[in-house]
Amino acid sequence: MQDQFLYVNGIKNIESKNIQGLTLIKLSFYEGTDMAEASAQVALQVNRTMAFFPPGALPPQVVRFDASSLPVGELVFSSRTKPLKDIFDLALTRVRPLFATVPGLSAPPPFGSNARSVLINVNPEKLRMYNLSADEVVEAIAHNNAITPSGNLRIDSMMYVTSINSLESKVEHFGDIPVKSNGSSSIYVHDVATVADGADITVDYALVNGKRSVYIPVVKTADASTREVVQTLRKRMPEMKNLLPDDIDISYEFDQSVFVINSAKSLMTEGILGAVLTGLMVLLFLRDWRSSLVVIITIPVAVMSAVFFLNLAGQTINIMTLSGLALAIGILVDQATVTIENIHQHLEMGKDKKQAILDACSEISFPLLLILLCILAVFAPAFVMSGVPRAMFLPLSLSIAFAMIVSFVAAQTLVPVVSVWLLKAEMFQYHHTGFHAHAGNALNHGESAQVGLHGGEEHNHKEDNGFFQRIKTGLASRLEKWMPRRRLIVTIYLVLAFGAAGACFVIIGKDLLPKTNNGQLQLRLREPDGTRLEITEKATQGVLNIIDSTVNHQVAITSAYVGLVPSNFGTSNLYIFNSGTHESVIQVNLSEEFKGKVETLKETLRKNILARYPDLRLSFEPIELTEKIMAQGASTPIEVRVAGKNMDNIEAYAGRLVDALRQVPFLRDVQIAQPLHMPTVNISVDRNKLALMGLSIDNVSRSITDATSSSRYTNKNLWLDQRSAYTYQSQVQIPEYIMNSMQQLQSVSLVKGQPRPVLSDVSTVRIDTLPGEFDRSGPRRYVTVSANIHGKDLGSATAAVEKAIRGLWRYAPGSDRGK
């Protein structure tokens, strides 16, 4: 299937994950690709590949996915009386459709149970007693419960719709369907099976505060505002509650918008505080409230203008744009301050106010422009970035650029106009004693002589100098002494400055983002490959108890997902991907009473969890929205891909690499991410025996699928619930508690109406192991070695990992490495 996508324009890379019942293919495109055209081409190629799919496979879904299309919370459903399947069905059919009424919100299916289904649980002993096979029951259900078209009957002046009861009206009526008849008596479904209104085979559980529950991930679209999506959803929640029975509660948990809103409020507060402090600093130095007011006026003008231009550029108010505006406030005020100070000095020279303002602005226009260009040059690289870094840092650069450009224009236009109207020239006429402005630059020889005269009086009458005059006089004196040796001083300064910068670059750690202490953590647990769902659930609940006791019960809420995403809802793997029933993902939201550091807590949890569950593999993953976006799909900061020509070489090298990385003292949770030893029952069928019996592999595979899974994958059959007007799958299966031994598997009948042959007559069965997940990047299979970092920066950890890889390269004939 991957090869078909090579015909799509703009394809950059093709990656896939393959587990039992699911293939997840990620297509990456070059920037500038027309995604509408690409989506159409992908859909076309998917339709062409349908012919190669095995029987029972669901049609592929094409989903346009963006790095920022991530869950921003969970809508949790809970009830003390309703079973999970009913809660799941109500969330799927009543609440999920309302997501379409929230702009910017996608509608993924619920997590925590499987789809409602009509279950026909056959008893193998009764089947053998009546000389029936499970496949005959499947055919009977398909022939007697079918969706058929209606017709019309025209009698006199009326036209009637002709309908037939081809669909069973109630679930219990499935038991009265005849399976086999000899003309005088019949064998019915209820003779060999029990019928129940239940759910498909359970492969997952969602745990909220350790108890089984159901939740819908709240996922915003890439261009939507997190705050607006969450607020609109909260307004819709009373309507959602009205659609549910009174004994089902609904709540919104793990709200990621809180951190976005708090960050935005914090940045706005910092920006306002910065503006106030800047105004006070200007007042302290200029000692004139009118001049300070002129400077402060430029701050809101520049900020509001920058917001306007950000809107024109298609940006929103978010963490990055607010960070840029907060950073720009301290810089943009400099231009107005320099302008107003230069106006003071020209007023001090006795010029007319209008002339002084004109001369001052003319004098500094080019230096201010040069300063502006230098600042813009620092942020120019953001415009040539690509991918997620561009999406993150371009808004910050644009906000700073717009604010600085408006500040420059305001310094040359708004400041002079307001100064003409507001300043009083007589306040800045020169007199040695008392407060006055201090001239620094001059336009001609006469003004230079005047500045020299002022400086001489300040030097000769030191007792009359104020605080700032004394600082200026002292600095001027030192500069006069240093000027003869200026080349030596500048050379020494440059050497020391560049040396210090180089030393800091080497010493200071290098990370993509600063570490946050937001009181949330996400943890992935891996039991030994192939562990049953119930065992993994029990271990997950034990880990939740350990977390609760470690933080002294300071946990606000926990959420865990155990097992596989049901195959009916394959796209949900975009949000939670587990490779088997041996995996679970835990999210923990600590209460406000918890005052410790999350990084320290993680280290403590590693020790406590592994002390009780030594065979458990755990790994902490990013949970905060920004970290997930910047990780670009990676679950840990260190991921090493080992690719090669065959899985044996890949596994051998990956094992050596794991051993080497575990020797690095600051690496944690070092492990191979994929399950490579999934327990498997290998059924080797003798085709010659099948041919002698008039059978084929298709007969065997259908019988084995019906016995070990259900007829859902061999014969699609739908039942209409007339009360809800929704259709549900009806399926024949052997209950898990019956099909629980090799003897039961080997006694599966292969021929309709005959007790023999059974599976053991035509095959041999043995226990083996196989990789439970195959990952590809292009044509190559690869295995991922993942690790977390504790107490070290990402740059140092990367260097240590690269060193370990170089040391093991000689042990990897025929394999390649990638990181």
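Values as computed for the structure displayed
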quantity	calculated
Strands (runs of 3 or more DSSP E) enclosed by segment 198-270 - at least 1 residues per element that are touching a residue at least 40 places away in the same chain (Cβ under 8 Å) and touching a Pro at 6+ places or on another chain (Cβ under 9 Å)	204-208, 211-219
Pairs with Cβ under 9 Å, 6+ apart, first in segment 395-420 and farther than 21 Å from residue 367 by Cβ, second part of a helix (DSSP H, G or I) and of a type in the set (Lys, Arg)	420/353; 420/354
Verdict on residue 730 being touching a residue at least 60 places away in the same chain (Cβ under 8 Å) and farther than 23 Å from residue 192 by Cα	no
Flag for residue 326 being touching an Asp or Glu at 6+ places or on another chain (Cβ under 9 Å), in contact (Cβ under 8 Å) with a residue 24 or more places away in the chain and either over 27 Å from residue 268 (Cα atoms) or acidic (Asp, Glu) (or both)	no
The one condition in (1) over 43 Å from the mean Cα position of the chain (by Cα); (2) over 17 Å from residue 406 (Cβ atoms) that residue 338 fails to fulfil	(2)
Criterion: of a type in the set (S, T, N, Q), at pLDDT below 90 and closer than 30 Å to residue 708 by Cα - qualifying residue of 181, 266	181
Residues of segment 526-560 satisfying the condition of being within 20 Å of residue 788 (Cα to Cα) and in contact with a helix residue (DSSP H, G or I) (Cβ under 6 Å, 6 or more places away or on another chain)	527, 543
Matching option when the condition is hydrophobic (A, V, I, L, M, F, W, C) and surrounded by 20 or more Cβ atoms within 10 Å (Cβ to Cβ), among 697, 734	734
Matching helices (runs of 4 or more DSSP H) fully within segment 358-470 where at least 1 residues are in contact with a Cys (Cβ under 7 Å, 6 or more places away or on another chain) and either modelled with pLDDT of 80 or more or not hydrophobic (A, V, I, L, M, F, W, C) (or both)	387-412, 414-422
Answer from 102, 72 - the residue that is touching a Lys or Arg at 6+ places or on another chain (Cβ under 7 Å), within 23 Å of residue 558 (Cβ to Cβ) and at pLDDT below 90	72
Residue list for segment 177-235, restricted to those being of a type in the set (S, T, N, Q), within 30 Å of residue 557 (Cα to Cα) and open to solvent by 10 Å² or more (accessible area, probe 1.4 Å)	202, 209, 221, 225, 226, 231, 232
Residue identified as surrounded by 13 or more Cβ atoms within 10 Å (Cβ to Cβ) and part of a loop (DSSP other than H, G, I, E, B) among 165, 131	131
In segment 337-386, the residues that are under 30 Å from residue 69 (Cβ atoms) and open to solvent by less than 40 Å² (accessible area, probe 1.4 Å)	382
Which numbered condition residue 575 fails, given (1) open to solvent by 40 Å² or more (accessible area, probe 1.4 Å); (2) at pLDDT 90 or above; (3) of a type outside the set (D, E, K, R)	(2)
So residue 784, is it in contact with an Asp or Glu (Cβ under 7 Å, 6 or more places away or on another chain), over 30 Å from residue 137 (Cα atoms) and either modelled with pLDDT of 85 or more or not in a loop (DSSP other than H, G, I, E, B) (or both)	yes
Scan of segment 489-536 for residues that are basic (Lys, Arg) and open to solvent by 50 Å² or more (accessible area, probe 1.4 Å), ordered by number	510, 515, 532
Residue 723 farther than 20 Å from residue 765 by Cβ and of a type outside the set (Phe, Trp, Tyr)	yes
Every pair of residues 6+ apart whose Cβ atoms lie under 7 Å, when the first sits in segment 610-638 and is small (Gly, Ala, Ser) while the second is modelled with pLDDT under 75	none
Residue within segment 639-661 that is buried (at least 18 other Cβ atoms within 10 Å of the Cβ), at negative phi, without any contact (Cβ under 8 Å) to a residue 40 or more places away in the chain and not polar (S, T, N, Q) present	no
Strands (runs of 3 or more DSSP E) contained in segment 500-606 and holding at least 1 residues in contact (Cβ under 8 Å) with a residue 12 or more places away in the chain and among the small types (Gly, Ala, Ser)	555-563, 583-590
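Table: residues versus (1) in a strand (DSSP E or B); (2) closer than 24 Å to residue 72 by Cα.
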position: 615; (1), (2): no, no
position: 628; (1), (2): no, yes
position: 636; (1), (2): no, yes
position: 651; (1), (2): no, no
position: 654; (1), (2): no, no
position: 664; (1), (2): no, no
position: 668; (1), (2): yes, no
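The values are calculated or read from the model by the stated rules, or taken from the named source; none is laboratory data. On a predicted model such as this, the values are computed, not experimentally measured, just so you know. We place every Cβ from the backbone using ideal geometry, glycine too, and count neighbours over all the protein chains shown. With ligands, DNA and RNA removed, areas are computed over all heavy atoms of the protein, side chains included. Shrake-Rupley method; radii C 1.70, N 1.55, O 1.52, S 1.80 Å.
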